[in-house]
1. List the DSSP H helices in the chain whose Cα atoms stretch 15 Å or more along the helix axis and whose mean Kyte-Doolittle hydropathy is at least 1.0.
2. Give me the accessible area per residue for the chain, probe 1.4 Å, as a whole number in Å².
3. Excluding Ser246 itself, calculate the net charge of residues whose Cβ lies under 13 Å from the Cβ of Ser246, where each Lys or Arg counts +1 and each Asp or Glu counts -1.
4. Which of the cysteines found in the chain have nothing to pair with, since no other Cys Cβ lies under 4.7 Å from theirs?
5. Let me make sure I get this right: for the range 561-627, a, b and c are the square roots of the gyration tensor eigenvalues over alpha carbons, sorted descending. Under 1.5 in a/c it's rounded, otherwise prolate if a/b > b/c, else oblate. Which is it?
6. Would you mind telling me the share, in percent, of accessible area of the range 561-627 contributed by carbon and sulfur at probe 1.4 angstrom?
7. Mean residue ellipticity at 222 nm from the helices of the chain, using -39,500 (n - 2.57) per DSSP H segment of n ≥ 4 over the full residue count, to the nearest 500 deg cm²/dmol?
8. Each label point is 7 Å from the Cα along the Cα-to-Cβ direction; what then is the distance between the points at Ile256 and Arg444, in nm?
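The values are calculated or read from the model by the stated rules, or taken from the named source; none is laboratory data. Given the structure is predicted, the values throughout are model-derived calculations rather than measurements. All Cβ positions, glycine included, derive from the backbone under ideal geometry; neighbour counts span all protein chains shown. Areas reflect the complete protein model, heavy atoms only, side chains present, ligands, DNA and RNA absent. Shrake-Rupley method; radii C 1.70, N 1.55, O 1.52, S 1.80 Å.
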Amino acid sequence: MKKALSFFFVTATVSPTSNRALPILVLLIALYSVYSAGFGGIFFFDDPPTLDGLLYVKDWPSALFYIVNGDAGPLGRPVALASFLLNASAYPDFATPFLITNTWIHLINVLLLALIIRRLQKLCPDLFSGGYGFAPLAAGLWGILPILASTSMMVVQRMTSLSATFVLIGVWVYLWGRARQTQTWSVWLTIFGVGLCTVLAMLTKENGVLLPVFLVIIEWILLTAEERNTPMWPRNYLRMAIVLPSVVLGLYMLWILPGSVHAYGNRAFSLSERLFTQPVILWDYLRLAFLPRPFALGPFHDDYRIYQATDWEAWLAGLAWLVAFVGALIWRRRYPVVAFAVLWYLAGHFIESSWIALELYFEHRNYLPLIGPVLALSWGFSRMPLSKALKYGIGGLYFCFLAFVLWQVTSIWGNRELELWARQHPASPRAVQTMAHSYVSAGRLNEAQAILDRALSLNPALSSVAMQGLRLRCMRGDAEGVASHLAMMRTTLANSHFSYLALFSLDAIRKLHEQGACPFLRTEDLHQISKQLLANPKFSRARTQAALWLLQARLFLYEQQHDLAIELLQKAFHRSPDQEVLVLLYTQLLQQGRNADARELLHLAIDKAPKNPILRQQWIAVVEQLES
């Protein structure tokens, strides 16, 4: 691989007028070979909720239902879901086809970035010199960053990379139109193309809405408007097409800020803690991007330190970003590329690293934001007063360093080094539970129990770990352990952290209990656990409460207490309408001879049908089937 990279540097600089495609081709081959070390990877924690629907795809109607029924984001992300159909036959047995597709998307993005930088060289020749070698080198530097590996090595993060594909296409389209802004037809074609790319990017992942913001930064910082003979109205229309959506996005983010305070009920941190932590994380991202350590990178960061107003590091990081932002605005004319890097990076993190109640830290959030710093680093290095030989040497060594670390990172993913990640992150609920699941699959139940117990001792508020620990004790037939575990949970669940996995594990425990696989666990114990979670403010969302009431209703049905079960099913349906609850409640009402109530339920179900036309049609079909 080092020979390939060395050849790449030579061909990229010796003859800029010949073999122009060869440097980027060599780079893409080298990148694919490094990423292939991770093709033996597995599905991770966020994959099943998105991909399980593939198991029910049998024909075009079921495929369409899967595409429009996503809930990974506010828009459902149908374009990303459609892309998963390409590898549907491999799920859930093999992650490799998904990972190969992800890697190809990453390679396409590297190529798109090279084309964008090349077009910037033509539009801004005074800023970006360096000949034909500059664009593939800069794009290659971005593509080989180890911090971006998780975007391709985690199956579901195709949402991030594919959304980036549409964003990069949109940037290229805009730059194409910007070079032809004297022609009215090209302006309108550009506006249409940018709009289409924005919509497709948003329907892949919502932060694709940042495309117009990125274009504003390119236009305002990098591009010039010195052509005095250019008609003003086409250019103005082009600029309005990117400025107006950016303003709307900014106003929307400010509009949701007051309500964001209440969205942190199910998080282990508050809004203020998030705002103090994110500036530190943004600097941490940059450090790991350009000076990476293989063991510091991976899928598990849910144990990241939470900063508060009393932490000086948070104030220092925030002040440094304020200085960088203000400096970029003030000196944007004198140092445009540096200003571009700062503003692009901050804009790229505007949604996922601001006040929206998302998790604190994910490496894949840097996928597009790092383009700005990479371009600035490449530009600065190309302008250093060094001899060509020294530049080749330093650049080649740095590329080889990044390639080696990337190979280490992808190899860790490919070799499924779960124990390594669990040791690096002993307080990470996801790392611990993934490792415990691996132990259980291998029949090493005692080791799985030990790692769960150790995590609980570090943080008793981990509801999902507590539930999995109870489930494992049932599987091991540990009557004494079940009793002590229940006693511990009675003191912690009311204030424990929210986790969907806690709900899934509790339902799995219920099934074990009803199958007689955990005879020393009483039905009353499960009722008590459900009540404690319902009393926990972090479990107060509509879907969460409905899921807990559904679980309690099933327990009452197991005890033949049908009236109580119906009462809870009605509460669950009114709180969060769901087909499973609808069918179960309708069936119970008929069985109890409450035919009038059953008919009234169906009328209510029509009123509560989803607004999505495809989901609404499917919902109404279920109602009509129940009526018949």
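1. Passing helices, by number: 2-14, 22-35, 96-123, 184-204, 312-330, 336-348, 371-382, 388-414.
2. Accessible surface, normalised per residue, equals 45 Å².
3. 0
4. Cys124, Cys197, Cys400
5. prolate
6. Solvent-exposed carbon and sulfur of the range 561-627 make up 48 percent of the total.
7. When only DSSP H runs of four or more count, the value is -22000 deg cm²/dmol.
8. My value for the distance between the label points is 4.2 nm.
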